[in-house]
Amino acid sequence: MSRQRAKLVVGNWKMHGRMQENAVLLTEVASGASALRNGVDVGVCVPYPYLAQAQALLEGSVVRWGVQDVSAHAQGAFTGEVAAEMTLDFGATYAIVGHSERRAYHHETPELVGAKARRALEAGLTPIVCVGETLDEREREATEQVIGAQLDAVLLMLNEEQAARIVVAYEPVWAIGTGKSATADQAQRVHAFLRKKLAEKCAAAAEVPLLYGGSVKPENAQELFGQQDIDGGLIGGASLKSKDFLAICQAARTVLQ
Ligand code: 13P
């Protein structure tokens, strides 16, 4: 398997940020990321109201931007939802779909997550498809079964060409916001499993970026990103501090050297 896949580090701001602090954060991230350039792609997924701000401050920089969810519908009477095309009006590249917080708090089903991923791809966005098991599922040794089913539900909705254009993020629910990351070995095992499943669907599986998310910090990023099938990270809390986020991006750069 190629070690030359580019690394990708994406911040998921979740429901954080206000105009003034965002301006500082985005400007610092854009300037710090420009120093990394080769081999590391950097993105931030902001709350919808700040998409225009992200575009204004990041356009022309190496950092891409996106959203944390997207509607499964193209348009219509869906109060409160945001269509993929609307985000394209603001230059978005990424849409996170199936984050565990949306699966848990908004009861998103695997089928809905698949429909969102397909809609994002049809519109020209890159969906970052999140999968992950709970602590209970891990303890019952059901990890592969759970994330396999989550990924299958998405792949079922896509053709091979579309499947080759997704990003998958493995985010164990027990590691999100807890300070307790999966070990590099635990994460690598799951990533290898995901890669194998993707290969059953598409010939380009080796090119699909597989991110790890869940308590990634400057201290553990390098070891995680150094694993064969870990192509970068989806970063929550640490993406809100430019110093930490850029240190994580730098760790991705370091393992490429
Ligand atoms: P933390 O990095 O805060 O654990 O969050 C991970 C996450 O949910 C990213 O989508």
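Computed from the coordinates by the stated procedures, all read-outs in this text should not be read as laboratory data. Fair warning: this is a prediction, and the values are worked out from it, not measured in the lab. So basically every Cβ, Gly included, is an ideal-geometry build from the backbone, and we count neighbours across all protein chains shown.
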Quiz item: When only Cα pairs under 8 Å and 6 or more residues apart are kept, what is the percent relative contact order across the chain?
Solution: 21 percent
Self-check item: Qualifying trypsin sites (Lys or Arg not before Pro) for the stretch 165-195 [loop in DSSP, other Cβ within 10 Å: at most 16]
Solution: LYS180
Quiz item: Taking the simple approach of a point 7 Å from Cα along Cα-to-Cβ for both VAL24 and GLU144, what is their distance in nm?
Solution: 4.8 nm
Self-check item: Dipole axis of the chain (+1 Lys, Arg; -1 Asp, Glu on Cβ), positive-most option in ALA83, TYR105, PRO49
Solution: PRO49
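If you place +1 on the Cβ of every Lys and Arg, -1 on the Cβ of every Asp and Glu, and leave all else neutral, what size is the dipole of the stretch 42-119 about its Cα centre, to the nearest 20 Debye?
That gives a dipole near 160 debye.
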Exercise. May I ask you to list the GluC sites (Glu not before Pro) in the stretch 28-122 that are in a DSSP loop and have at most 13 other Cβ atoms within 10 Å of their Cβ?
Key: GLU59
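Let's see if you can work this out: charge +1 on each Lys and Arg Cβ, -1 on each Asp and Glu Cβ, no other charges. What is the dipole magnitude of the stretch 125-257 about its Cα centre, in debye to the nearest 20?
Dipole of the stretch 125-257, to the nearest 20 debye: 380 debye.
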Practice problem: Under 1.5 on a/c is rounded, so check that first for the chain, then, if it is not, pick prolate when a/b is larger than b/c and oblate when it is not; a ≥ b ≥ c are the square roots of the alpha carbon gyration tensor eigenvalues. | Solution: rounded
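Out of the stretch 58-164, which chymotrypsin sites (Phe, Trp or Tyr not before Pro) are coil in DSSP terms and have no more than 13 other C-beta atoms within 10 Å? Could the numbers behind the result be given before it?
Numbers: sites: TRP65, PHE78, PHE90, TYR94, TYR105; in loops: PHE78, PHE90.
Here the chymotrypsin sites (Phe, Trp or Tyr not before Pro) that fit, given the DSSP loop and packing criteria, are PHE78.
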Quiz item: Under a point-charge model restricted to the Cβ atoms of Lys and Arg (+1) and Asp and Glu (-1), what is the dipole moment magnitude of the chain relative to its Cα centre, in debye to the nearest 20?
Solution: 500 debye
